[in-house]
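In what follows, a structure is listed as structure tokens, so that the remarks can point back to it.
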Amino acid sequence: MNRPYTFINVAMTADGKIDTFERKGSAISSAKDKARVDELRASVDGILVGGKLFWVKHPS
């Protein structure tokens with residue numbers, strides 16, 4: 001039986017932060033990080049995202 005692989009991609013600052021206190025969505029990923037995410041997305045059959053991202057990308 002073939003088992004699925006799971007990739008988890010997380011970007012955070014050196015002190016473990018993933019956003020600002022005000023939740024303004026500061027960019028903490030580099031262009032190289034974003035290119036790697038594009039490679040991961042292109043190599044999989046499905047992508048699991050959070051609800052907020054889903055509704056931002058698919059508003060209706």
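The values are calculated or read from the model by the stated rules, or taken from the named source; none is laboratory data. These numbers come from a predicted model, not from an experiment. Quick reminder, even Gly has a Cβ in these numbers, built from the backbone with ideal geometry, and neighbours come from all protein chains shown.
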Examine the range 8-20 for a residue that is free of Cβ contacts under 8 Å to residues at least 40 places away in the same chain, touching a helix residue (DSSP H, G or I) at 6+ places or on another chain (Cβ under 8 Å) and assigned to a loop (DSSP other than H, G, I, E, B), and state whether such a residue exists. yes
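Sort through K52, K24, K32, K17 and tell me the only one that's under 15 Å from the mean Cα position of the chain (by Cα), modelled with pLDDT under 80 and of a type in the set (D, E, K, R). Can you show your working first?
Numbers: K52 fails: modelled with pLDDT under 80; K24 fails: under 15 Å from the mean Cα position of the chain (by Cα); K32 fails: modelled with pLDDT under 80.
Residue meeting the stated conditions: K17.
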